[in-house]
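The values are calculated or read from the model by the stated rules, or taken from the named source; none is laboratory data. What you see is a predicted model; the values in this text were computed from it and never measured. Don't worry about glycine lacking a Cβ; one is built from the backbone with ideal geometry, like all the others, and counts go over all protein chains shown.
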Amino acid sequence: MKYYIQTLGCAMNYSDSERVAAALGKLGHSPAKKESEADLYIFNTCSIRQKGEDRVYGKLMTLGERKQREKDLLIGITGCMVRKTSTKKSPREKMDKLVRDLKPVDFVFRIEDAGELGKILKMAAKKPSVRAINKAAKAKRIRGAAKAAREIVTDSVDRLDYLDIAPKYSSGFQAFVPIQIGCDKFCTYCIVPYARGREQARPIKEILAECRTLVEKGCKEITLVGQTVNSYGRSDLDKKSGHAYGRGFVETLTKSAQLQFAKEPFVALLTEVDKLHAQGLNRLRFTSPHPYDYSDALIKAHAKLKTLTPHFHIPVQAGSDETLKRMNRRYSAADYKKLIKKIRALIPDASVTTDIIVGFCGETKKDFEKTLKLYKDIKWDMAYLARYSPRPGTVSQKFFKDDVPRAEKARRWHALNTVLTKSSRDYNKKLIGKTLEVLVEKYDARTNECEGKSRENKLVQFPAPASKGLSLVGTIQKVKITKALEWNLKGEIR
Ligand code: SAH
Ligand code: SF4
Ligand code: F3S
């Protein structure tokens, strides 16, 4: 079959899609060049806001129409909207509501079950792939597949196992590497702990092996991904398993390094990945860290490790302590300010970015003014602004009132966006005249321009001759910045 995967959501989902693609490849399926040529369509979904879910429903309407003409088209869903791996043929009580309620959907699978895709597809397919088999054999196979699928639905295999699938990376020089799954923070507005389950660290040995293989193949930039990467190794499940994530790795360390490792497992992990600098790793990034777990040792690591970039994406969510408390964020605005002060003391030109939610339950105009004030104080050079969207099953949806009217949420969003736009332009302006290292991601033959990111994670475009442009993709170039726009920089190759 030809497959097409549509990915929505965060870095974790993009990384997961690479594993789904690899699993499909192993089963003999290949990627469709165009969406319309696919006979297997998979959504990797995001539930963080209603908007993301609505996009899936919208697309399913169009696909549903296509399916009336192309009866063999298979449609599946994975990612954060899915709760139970199941197909239209699963027993009703074991069906996920997406399979039960949405006619065009043939199967859904929890991402942890990506390794079982072969069985799931067999179960979901209307016709067995080999038509020439006789009826009895056919019935037996379907019965077998049905039994297998039922087992998948009931048993939760070890949730980390799917990370063993070697991904089909979408780039040769940049990669996401998952280091943990789930989240234990339970911020009251957030669906992630329900969609992704409890936090669990991926074994260090496996993370390092994946990073090493990537660098050997020419990867220059690795982003470690997880929901709260800097709590790596500290979750309840990690403690329960006797810190199994360190086995096979900790034993290789000296006694004093072992002690250090026990105190700061995330820093220890970064230190190990950083050693790949000698083999060609140029940049190490991670997303997202949580302010609560941002230790001094981690800040110091930024100044010490060669590959760590001067970009700090640290979600704050709100500037009012009352709102932060209701969100269950475990820090105050003053704590956050202190953290940024420490970072800037060590790395003065650091790019500092954040996530903010406006219009959370009970957020008064005064509370919002505090967020605005914090923005003006900290001057994040970039921020992702979201309007609060109640998510079914979360604490805020069950116990608080979504009491900020839509129009007021929009007003707050625009007020913050105005400050953000200015702040982003101001930061970019400071870069004029400087020479930045740009990892070139693409070349546009129509405009004769290359585009890539600086170590600060800023988007930089620069002209390149048609004869050379494409060959620069995947290389690191020194680019002198000549112009600063709101969201990007223009420069010239040096
Ligand atoms: N693990 C990361 C964030 C993951 S979700 C962290 O804790 O920082 C990405 C962003 O989506 C969040 O930072 C938050 O700003 C936003 N978000 C999460 N739930 C939301 C909701 N219910 N409504 C609006 N925005 C939300
Ligand atoms: Fe959601 Fe909070 Fe976990 Fe981030 S830390 S994923 S916002 S629960
Ligand atoms: Fe969305 Fe799930 Fe990521 S809800 S933000 S895709 S963890």
All conditions in (1) modelled with pLDDT of 95 or more; (2) farther than 28 Å from Thr287 by Cβ; (3) among the basic types (Lys, Arg); (4) out of contact with any Ser or Thr (no Cβ under 9 Å at 6 or more places or on another chain) are true of Lys430 except (2)
*asked:* One residue is enough: does region 452-461 have a residue meeting the conditions touching a residue at least 60 places away in the same chain (Cβ under 8 Å) and on the phi > 0 side of the Ramachandran plot?
replied: yes
Checked region 30-73 for anything in a loop (DSSP other than H, G, I, E, B), surrounded by 14 or more Cβ atoms within 10 Å (Cβ to Cβ) and not hydroxyl-bearing (Ser, Thr, Tyr); matches are Ala32, Ala38, Asp39, Cys46, Ile48, Arg49, Leu73
Filtering region 288-307 down to residues that are assigned to a loop (DSSP other than H, G, I, E, B) and either among the charged types (D, E, K, R) or within 16 Å of ligand 2 (Cβ to nearest atom) (or both) yields Ser288, Pro289, His290, Tyr294, Lys306
All-but-one check, Lys398 against (1) farther than 29 Å from Ala350 by Cβ; (2) out of contact with any Gly (no Cβ under 9 Å at 6 or more places or on another chain); (3) touching a residue at least 24 places away in the same chain (Cβ under 8 Å), failing number (3)
Surrounded by 14 or more Cβ atoms within 10 Å (Cβ to Cβ), more than 16 Å from ligand 2 (Cβ to nearest atom) and over 25 Å from the mean Cα position of the chain (by Cα) - does that describe any residue in region 12-26? no
Within region 344-377, of all residues that are under 24 Å from the mean Cα position of the chain (by Cα) and within 23 Å of Ser454 (Cβ to Cβ), the one surrounded by the most Cβ atoms within 10 Å (Cβ to Cβ) is Thr354
Flagged pairs (Cβ under 9 angstrom, 6 or more apart or on separate chains; first in region 217-234, without any contact (Cβ under 8 Å) to a residue 60 or more places away in the chain; second among the hydroxyl-bearing types (Ser, Thr, Tyr)) are Lys217/Tyr169; Tyr232/Tyr245; Gly233/Tyr245
Of those in region 393-410 that are under 26 Å from the mean Cα position of the chain (by Cα) and closer than 20 Å to Asp184 by Cβ, the residue surrounded by the most Cβ atoms within 10 Å (Cβ to Cβ) is Ser396
- request: Answer yes or no as to whether Ser170 is assigned to a loop (DSSP other than H, G, I, E, B), within 16 Å of the chain's Cα centre (by Cα), away from ligand 3 (no atom under 16 Å from the Cβ) and modelled with pLDDT under 95.
  value: yes
Checked region 24-59 for anything away from ligand 1 (no atom under 16 Å from the Cβ) and either under 19 Å from Cys80 (Cα atoms) or of a type in the set (Phe, Trp, Tyr) (or both); matches are Tyr41, Ile42, Phe43, Val56, Tyr57, Gly58, Lys59
- Query: Quick one: is Glu363 away from ligand 3 (no atom under 16 Å from the Cβ), more than 21 Å from Lys325 (Cα to Cα), modelled with pLDDT of 95 or more and of a type in the set (D, E, K, R)?
  - Reply: no
For region 480-494 the number of residues that are part of a strand (DSSP E or B) and without any contact (Cβ under 8 Å) to a residue 60 or more places away in the chain is 9
Within region 387-444, residues away from ligand 2 (no atom under 16 Å from the Cβ), in contact with a helix residue (DSSP H, G or I) (Cβ under 9 Å, 6 or more places away or on another chain) and assigned to a loop (DSSP other than H, G, I, E, B) come out as Asp402, Val404
Ala175 passes all but one of the listed conditions (1) within 16 Å of ligand 3 (Cβ to nearest atom); (2) within 18 Å of Phe286 (Cα to Cα); (3) of a type outside the set (Ser, Thr, Tyr); (4) within 14 Å of the chain's Cα centre (by Cα); the exception is number (1)
